[in-house]
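The values are calculated or read from the model by the stated rules, or taken from the named source; none is laboratory data. Worth saying up front: this structure is predicted, and the values here are computed from it rather than measured. So basically every Cβ, Gly included, is an ideal-geometry build from the backbone, and we count neighbours across all protein chains shown.
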């Protein structure tokens, strides 16, 4: 797995720990589903658990830069991309579980997203997370030149995503 390696080609302990850590919540939900431990509405419970972990991963990803400065441990930044991509994957899984809960009726899903403001905000946040996850690596951007990727900075993409994730989760928790 090349994404778990440093530029020198050696395994990065920080990236490996981050990767294993982001797999654990999904494996836990899968285990609960396999053992019928998700309650009477298992898909709804899985949607809620994965959605909560999506928000947690987003907040942890955003806390990487301040943590590396406070802890004076710059190698912590190596985990940021792994955590960010995992956040986007969890958000996609959250949407997929919602589509499954609606019996793959995409028209109903689209209608629900249009009718409920918190789902619309979440859809915008998901789009932002997908854009961030698709962002090219630093090496690719360096090889392409600074002008070709100047419009595609993580900060420009993350501001709308961050601002839309928090109100969505707050409004959902009040329902």
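Test residue 148 against the stated conditions and say whether it is in contact with a helix residue (DSSP H, G or I) (Cβ under 6 Å, 6 or more places away or on another chain), at pLDDT below 55 and surrounded by fewer than 18 Cβ atoms within 10 Å (Cβ to Cβ). Please lay out each step first, then the result.
Working: in contact with a helix residue (DSSP H, G or I) (Cβ under 6 Å, 6 or more places away or on another chain): no; at pLDDT below 55: yes; surrounded by fewer than 18 Cβ atoms within 10 Å (Cβ to Cβ): yes.
Against the criterion (in contact with a helix residue (DSSP H, G or I) (Cβ under 6 Å, 6 or more places away or on another chain), at pLDDT below 55 and surrounded by fewer than 18 Cβ atoms within 10 Å (Cβ to Cβ)), residue 148 does not qualify.
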### Query
Does any residue in the range 96-124 that is on the phi < 0 side of the Ramachandran plot come within less than 6 Å, Cβ to Cβ, of a residue that is not in a helix (DSSP H, G or I) six or more places away or on a different chain, and which pairs are these?
108/102; 109/102
### Breaking point among (1) modelled with pLDDT of 95 or more; (2) closer than 25 Å to residue 131 by Cβ, for residue 2
(1)
#### Entry: Residue check for residue 71: out of contact with any helix residue (DSSP H, G or I) (no Cβ under 6 Å at 6 or more places or on another chain) and free of Cβ contacts under 8 Å to residues at least 40 places away in the same chain
yes
